[in-house]
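So the structure is just underneath, and the comments pick up after that.
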Amino acid sequence: MDEVIMKTRRLILISLGMLPAAAGFPAGSPRVDFVSKAFRDGSFIPHVYSERDVLRRYGDGERVVDAAGLIRRRYLDPVTRLEVLITSNPDVAPEFRTIDEIRVSSISAGQPAAGRTESLRGVKLKGVAMGDPASKAIGTARRYGQGETEQATLGGFKVERTCGFSEGESNICFYVRDGKVVAMALGFGP
């Protein structure tokens, strides 16, 4: 009888361990929705995310190394079709590497991303949402910290990038096209 109970318990444990994989997430992944949480909190403070934890949660995504040598991984929210770009610095050993920036965009930087994230429906950064007017984004960035505005390119489109930099070295950025917010990012570092 004890042997039957032990086999039943073992089967239950194996089944529970397979649930994340059946739900589309790697087994053993943390259940933290890093993108939603970071945007809801409006910064990485007090916790900068580990690249290892993010990869466990979302998978490898589409990985590229940009001209500056930064690792950029693209993901897609299949519900809203928003693209997520997660950036980390390869100068740090993989086991200690953290996420430097998370950008959510309605403009894709390329072909559909390989990785997937949680639903980002209603995502806001410091009260600013996709499609909000440029004036709201600019005011929010200025209130956040020292501001900077520059022209940039996003997915082949010319955009205006407005950022606010706090004294604690975190930053928020809004990308505007035709007077509306088309992307937003938050990061940590200079």
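The values are calculated or read from the model by the stated rules, or taken from the named source; none is laboratory data. Just so it is clear, the model here is predicted, and its values are computed rather than measured. We place every Cβ from the backbone using ideal geometry, glycine too, and count neighbours over all the protein chains shown. Only protein heavy atoms, including side chains, enter the accessible area calculation; ligands, DNA and RNA are left aside. Shrake-Rupley method; radii C 1.70, N 1.55, O 1.52, S 1.80 Å.
What's the number of the only condition in (1) under 24 Å from S108 (Cβ atoms); (2) touching a residue at least 60 places away in the same chain (Cβ under 8 Å); (3) buried (at least 19 other Cβ atoms within 10 Å of the Cβ); (4) not hydrophobic (A, V, I, L, M, F, W, C) that R177 fails to meet?
Checking R177 against (1) under 24 Å from S108 (Cβ atoms); (2) touching a residue at least 60 places away in the same chain (Cβ under 8 Å); (3) buried (at least 19 other Cβ atoms within 10 Å of the Cβ); (4) not hydrophobic (A, V, I, L, M, F, W, C), the one that fails is (3).
Could you check region 83-107 and list, in sequence order, the residues that are under 14 Å from G61 (Cα atoms) and hydroxyl-bearing (S, T, Y)?
Selection gives T87, S88.
Is it the case that region 57-66 has a residue that's open to solvent by less than 40 Å² (accessible area, probe 1.4 Å) and outside any loop (DSSP other than H, G, I, E, B)?
Yes, that holds for at least one residue.
Quick one: which residue in L82, L76, L70 is open to solvent by less than 50 Å² (accessible area, probe 1.4 Å) and more than 14 Å from the chain's Cα centre (by Cα)?
Exactly one of L82, L76, L70 is open to solvent by less than 50 Å² (accessible area, probe 1.4 Å) and more than 14 Å from the chain's Cα centre (by Cα), namely L70.
From the residues in region 89-99 that are surrounded by fewer than 18 Cβ atoms within 10 Å (Cβ to Cβ) and charged (D, E, K, R), which one is modelled with the highest pLDDT?
D91
Which one of I86, I45, I102, I107 is assigned to a loop (DSSP other than H, G, I, E, B), at pLDDT 90 or above and not charged (D, E, K, R)?
Every option except I107 fails the conditions.
If we scan region 118-140, do we find a residue that is among the basic types (K, R) and farther than 22 Å from R57 by Cα?
yes
E160 - would you say it is more than 14 Å from the chain's Cα centre (by Cα), at pLDDT below 90, surrounded by fewer than 19 Cβ atoms within 10 Å (Cβ to Cβ) and of a type in the set (D, E)?
no
Which residue out of G145, G127, G110 is under 15 Å from A38 (Cα atoms) and not basic (K, R)?
Unique residue meeting the criteria: G127.
Is it true that some residue in region 50-60 is of a type outside the set (A, V, I, L, M, F, W, C), within 30 Å of D178 (Cβ to Cβ) and touching a residue at least 40 places away in the same chain (Cβ under 8 Å)?
no
What number of residues within region 122-151 are of a type in the set (A, V, I, L, M, F, W, C) and either farther than 13 Å from V176 by Cα or exposed (fewer than 15 other Cβ atoms within 10 Å of the Cβ) (or both)?
Adding up the residues that qualify gives 3.
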